[in-house]
2 protein chains.
Amino acid sequence: MPVPRVRALFFDVFGTLFDWRTSLIRSLHAFGARSGVACDWDALVDAWRGAYVPSMARVRAGELSWRNLDELHAASLDELAEHFGLALGAEERAWMVGLWHALDPWPDVAPGLARLRESHLLSTLSNGSVALLVALARRADLRFDTILCAESFRHYKPDPETYLGAAALLGCEPREAMLVAAHNDDLHAAATLGFRTAFVARPTEYGPHQDKDFTASEGIDIAVADLTELAGILAHA
Amino acid sequence: MPVPRVRALFFDVFGTLFDWRTSLIRSLHAFGARSGVACDWDALVDAWRGAYVPSMARVRAGELSWRNLDELHAASLDELAEHFGLALGAEERAWMVGLWHALDPWPDVAPGLARLRESHLLSTLSNGSVALLVALARRADLRFDTILCAESFRHYKPDPETYLGAAALLGCEPREAMLVAAHNDDLHAAATLGFRTAFVARPTEYGPHQDKDFTASEGIDIAVADLTELAGILAHA
């Protein structure tokens, strides 16, 4: 049976499209400079991102009722602020959580997505909230055909409901859908459900602490250095 | 208490943005001419649209399990084909249902939305399916920030879940959200939930059979002739 053409591309967002670490560190250093608040901002950012998977795991396990990523980010910030000795007012806390809505994309993302959209349906498939993803896309002037994410299905990746729900809403069989991500675990979860997969290398996502996802692991369909390379490959597929 | 600024505009789609009747009639007349199939196509289109509200009512009442509008369109076409003495093969049937994915917008829609998007978040809020709305938006080159619809919430308008769910996903209170529609009943359902409302006159939507929605009824916030007029009003709001 021939493999059908990929019709829809689904994009992981944090790390794959947006350089969250550099963006957050820059914003928090600027905050420190103008407010006089001292903190090891780099360590705070890494710890904040470090709380991401465990916080979602509590929702996925049913230990916490459904809540979106903004709420998880706020709760982990509260714990980290205490740990880092950071006294945050309500307004500063909301501003910091909102920094995840104002990240900078990697430089290949805008031109790569524009080319890919000529031939494919494009959607996000992120654990971020709808409002967060809409804000990121607007700020970076990225054009998706729709925004789909964990919040659309009330299931965080890698729950199967998120991948399968997204393909179904765009009218695709899983094998007509491709997940594009910088993370092998996300790609393998999608592949198990029948998705095609494309690995995009983001070797500086975690800065000096990156210890995985330098290359695609076995079983990933396509591995590229950036989205313009992916657009070149898919244009001839 | 001052009324907060409207942050997100939600658009009804069939009739409000797209001239479904003219589009379907044109496509079906062309089909009849090239296939030699004779039918009162105008009457078929009106009857097909006439089946829309009753078919959704059966889902809303729980008489039918959730199914999206493409499935409802296919089921009503089957009944109408029998009534009109139309023998449709599987491929023709799928093509006809797909005509709802290929409608033409009213001429003010593309420039109006582009202006409105400069200052507001834009989303669909339609009873159409996600895949249908994505196809309509791509074909007409309309840029929404996301696609939300009955299928996102598994509730057809005017169920409150659809309006309230859409505002919540964009991070808005209902009073920060405005429904834009050509139908007074849709607008009143939204207003009851706290939405702001804008009526757009589409006096030829139903062709010679239009018998309502020529003007906004009482309690609608804004009434305009088209989306460019709405953009002018909201730019100064």
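None of the figures in this text is laboratory data; all of them are computed from the coordinates on show. Quick caveat, the model's predicted, so the values are computed rather than measured. Glycine also receives a Cβ, built like all others from the backbone with ideal geometry; neighbour counts cover every protein chain displayed.
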Which of the three applies to segment B:20-101, rounded, prolate or oblate, going by the alpha-carbon gyration tensor with a ≥ b ≥ c and a/c under 1.5 meaning rounded?
prolate
Run the label-point distances for B:Ala57 please: 7 Å along Cα to Cβ, every other copy, nanometres, shortest first.
5.2
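Using the Cβ atoms and a cut-off under 12 Å, what net charge is assigned to the surroundings of B:Pro4, where Lys and Arg are +1 and Asp and Glu are -1?
Working: positive: B:Arg5, B:Arg7, B:Arg175, B:Arg196; negative: B:Glu173, B:Glu176.
Computed value for this residue: +2.
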Taking the Cα centre of each part, how many Å lie between segment B:172-208 and segment A:107-123?
33 Å
Give me Rg over Rh for chain A, both radii from the alpha carbons and Rh done the Kirkwood way, two decimal places.
0.97
Which of the GluC sites (Glu not before Pro) across segment A:18-88 are loop residues per DSSP, with 13 or fewer other Cβ within 10 Å?
A:Glu63
Per the rule of 0.36 nm per residue minus the C-alpha distance, extending B:Asp221 to B:Ser119 adds in nm 34.9 nm
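For segment B:53-175, what mean projected area does the convex hull of the alpha carbons give, in nm²? Provide the component values of the computation, followed by the final result.
Details: hull surface 35.8 nm².
For segment B:53-175, the mean projected area of the Cα convex hull comes to 8.9 nm².
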Once the label point is set 7 Å along the Cα-to-beta-carbon vector, what list of distances in nm do you get between A:Arg34 and its counterparts in the other copies?
5.9
Picking from B:His73, B:Gly98, B:Ser35, whose Cα lies most toward the positive end of the charge dipole for chain B (charges on Cβ: Lys, Arg +1; Asp, Glu -1)?
B:Gly98
Inverse mean reciprocal Cα-Cα distance (Kirkwood Rh) of segment A:161-237, Å:
13.1 Å
For chain A, what is the calculated [θ] at 222 nm in deg cm²/dmol (nearest 500), taking -39500 (n - 2.57) for each run of four or more DSSP H residues and dividing by its residue count?
-14000 deg cm²/dmol
One decimal, nm, nearest first: from B:Glu71 to the same residue in each other copy, label points 7 Å out along Cα→Cβ, the values are 2.8
Within a Cβ distance under 12 Å of B:Gly32, other residues only, what is the Lys/Arg minus Asp/Glu net charge?
-1
Tally Lys and Arg at +1 and Asp and Glu at -1 over the other residues with C-beta under 15 Å from the C-beta of B:Glu71: what net charge comes out?
0
Report relative contact order for segment B:39-112 in percent, whole number only (criteria: Cα-Cα under 8 Å, sequence separation at least 6).
31 percent
Scalar couplings 3J(HN,Hα) for segment B:197-207 by Karplus 6.51 cos²θ - 1.76 cosθ + 1.60 (θ = phi - 60°), nearest whole Hz, x for Gly and Pro, are 9, 10, 8, 10, 6, 10, x, 10, 3, 9, x
How much length is gained if the chain between B:Glu161 and B:Asp104 is pulled fully straight, taking 0.36 nm per residue apart and subtracting their Cα-Cα distance, in nm to one decimal?
17.6 nm
Chymotrypsin sites (Phe, Trp or Tyr not before Pro) within segment B:15-86: which are DSSP loop residues with at most 15 other Cβ atoms inside 10 Å?
B:Trp66
Radius of gyration, Dmax [the protein assembly as shown; alpha carbons; angstrom]:
23.8, 79
